[in-house]
Amino acid sequence: MPANPLIFDGHNDTLLKLLQGDSVGGRSFFVRDERGHIDLPRAIEGGLGGGFFAMFVPTKKKDKRSTVNRNLGTESGTKSEDETIVGYDYAQETIARLIESLFMIETTSEGRVKVVRTVDELSATLESGILAAVMHFEGAEMIDTGLKDLSTYYDQGLRSIGITWSRSNQFGHGVPFLFNRSPDTGPGLTAAGNNLVHECNRLGVLIDLSHLNERGFWDVVAITDSPLVATHSAAFNLCPSTRNLTDKQIDAIGESGGIIGINFHVGFIRPDGKGDSNTPIDAIVDHLSYIVDRIGVDCVGLGSDFDGATMPDELGDVTGLPKLVSAIRQAGFDQDDLKKIAHANWLRVLSQTWK
Ligand code: ZN
């Protein structure tokens, strides 16, 4: 059997998990651990070549600082008392720590991990066995509505952004986590959100659709000139979670020549939507096959959600990737298909998105 192609993955939350050391007992990225899903030794063992390293600002209760006027647009004024709103200052502080931790990993790795900013860099790292990290913001709370911050973060290495996480911010409304409900849950992008899409297109920052509600999704579709990307989502028709993509959304991504990174979270792949880890790996393959049948093998990849979600027991952590690859082979995909799914489709989409 031919060797497994290296996997480039659409989404992990490893940086936040490492930063929240208390919840996992302060593990190191460089020491093999049983806790969490990704560290460097396990990534190498699992055949992970790299991926989007998400930087997410957790929701903070009663964030008084969100009342400070930071040019957040009209919404901040009306929602500053909302417990679920993440304030700009808090978001900036948290993101600064996450950025620092990513570059600390790069420095400490002595050449084994690289934060990549171009497709050439990404291809080179994949070829040489260096772990590639794409800097991704999951939610844009740390960016001012005048968008000055966006270029600052771009200069630091930001190459991908989810306009919202599953909550509202100054740019739009994320999709709440609901089951047996349509992802059409409320209003889409704000005027500032539209501007953010234009500016991301201009700079060449990938826009991730995974946490937007359906109207926000279509708002981006109407504006963007890049291929559509959902970095970590699955098929609504197989698991009717608001976080998943309807057939219409899947088709739109296919028509744009974009990509869907299949999410491994059991709650998004099980037909009953339960967070039960006793779920076969084949449930991931079912979503993959379903999406391939609709839009073709050029428009799918993997988007694990490692370190941010509940994995099937059979998969476990990143060392379980070879099991997933063999399940994909068994479903009838050949070596060329596997290369596309593993990393080639991501490279193509990024080459059409990044400047
Ligand atoms: Zn997510």
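If the Cβ limit is 7 Å and pairs must be 6+ apart or interchain, which residue in segment 140-156 that is free of Cβ contacts under 8 Å to residues at least 60 places away in the same chain pairs with which residue that is among the basic types (Lys, Arg)?
Hits for this filter: zero, empty list.
Tell me whether segment 139-147 contains one or more residues that are within 16 Å of the ligand (Cβ to nearest atom), within 22 Å of THR14 (Cβ to Cβ) and assigned to a strand (DSSP E or B). Let's see the steps before the verdict.
Within segment 139-147, the subset within 16 Å of the ligand (Cβ to nearest atom) is 139-141.
Cutting the leftovers down to within 22 Å of THR14 (Cβ to Cβ) gives us 139-141.
Within this subset, residues satisfying the condition of being assigned to a strand (DSSP E or B) are none.
No, every residue in segment 139-147 fails to be within 16 Å of the ligand (Cβ to nearest atom), within 22 Å of THR14 (Cβ to Cβ) and assigned to a strand (DSSP E or B).
Quick one: count up the residues across segment 148-171 that are assigned to a loop (DSSP other than H, G, I, E, B), within 13 Å of the ligand (Cβ to nearest atom) and not hydrophobic (A, V, I, L, M, F, W, C).
Step one: filter segment 148-171 for residues assigned to a loop (DSSP other than H, G, I, E, B), giving 157, 163-167, 170-171.
Cutting the leftovers down to within 13 Å of the ligand (Cβ to nearest atom) gives us 163-167.
With the extra rule that they be not hydrophobic (A, V, I, L, M, F, W, C), the set shrinks to 164, 166-167.
Adding up the residues that qualify gives 3.
Filter segment 137-157 for residues that are farther than 16 Å from LEU189 by Cα and surrounded by fewer than 24 Cβ atoms within 10 Å (Cβ to Cβ) and give the result. Steps first, answer last, please.
Residues of segment 137-157 that are farther than 16 Å from LEU189 by Cα, as a first pass: 137, 142, 148-157.
Passing the criteria: LYS148, ASP149, LEU150, SER151, THR152, TYR153, TYR154, ASP155, GLN156, GLY157.
How do the strands (runs of 3 or more DSSP E) wholly within segment 193-272 filter down when requiring 1 or more residues that are buried (at least 24 other Cβ atoms within 10 Å of the Cβ) and polar (S, T, N, Q): which remain? First the steps, then the outcome.
On the way: elements: 206-208, 229-233, 259-262.
The qualifying strands (runs of 3 or more DSSP E) are 229-233.
Just give me the residues in segment 293-318 being within 14 Å of ILE341 (Cα to Cα), surrounded by 20 or more Cβ atoms within 10 Å (Cβ to Cβ) and more than 16 Å from the ligand (Cβ to nearest atom), in sequence order.
ILE295, CYS299, VAL300
Filter segment 172-192 for residues that are more than 16 Å from the ligand (Cβ to nearest atom) and of a type in the set (A, V, I, L, M, F, W, C); which is surrounded by the most Cβ atoms within 10 Å (Cβ to Cβ)?
Among residues in segment 172-192 that are more than 16 Å from the ligand (Cβ to nearest atom) and of a type in the set (A, V, I, L, M, F, W, C), the one surrounded by the most Cβ atoms within 10 Å (Cβ to Cβ) is LEU189.
For a quick check of your reading of the model, give me the residue pairs whose first member lies in segment 160-171 and is without any contact (Cβ under 8 Å) to a residue 40 or more places away in the chain and more than 15 Å from VAL229 (Cβ to Cβ), whose second is away from the ligand (no atom under 13 Å from the Cβ) and of a type in the set (A, V, I, L, M, F, W, C), with beta-carbon atoms closer than 6 Å and at least 6 apart or on different chains.
Matching pairs, first to second residue: PHE171/ALA140; PHE171/ALA192; PHE171/LEU196.
Yes/no matrix, rows are residues, columns are (1) over 17 Å from LEU350 (Cα atoms); (2) of a type outside the set (Lys, Arg); (3) out of contact with any strand residue (DSSP E or B) (no Cβ under 6 Å at 6 or more places or on another chain); (4) surrounded by fewer than 23 Cβ atoms within 10 Å (Cβ to Cβ):
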residue: THR94; (1), (2), (3), (4): yes, yes, yes, yes
residue: ILE99; (1), (2), (3), (4): yes, yes, yes, yes
residue: MET104; (1), (2), (3), (4): yes, yes, yes, yes
residue: THR107; (1), (2), (3), (4): yes, yes, yes, yes
residue: GLU127; (1), (2), (3), (4): no, yes, yes, yes
residue: MET135; (1), (2), (3), (4): no, yes, no, no
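How many residues are within 16 Å of the ligand (Cβ to nearest atom), more than 25 Å from PRO5 (Cβ to Cβ), in a loop (DSSP other than H, G, I, E, B) and modelled with pLDDT of 90 or more when one looks only at segment 15-61?
3
The values are calculated or read from the model by the stated rules, or taken from the named source; none is laboratory data. Predicted model only: the values in this text are computed from it and were never measured. Virtual Cβ from ideal backbone geometry, glycine too; neighbours counted across all protein chains shown.
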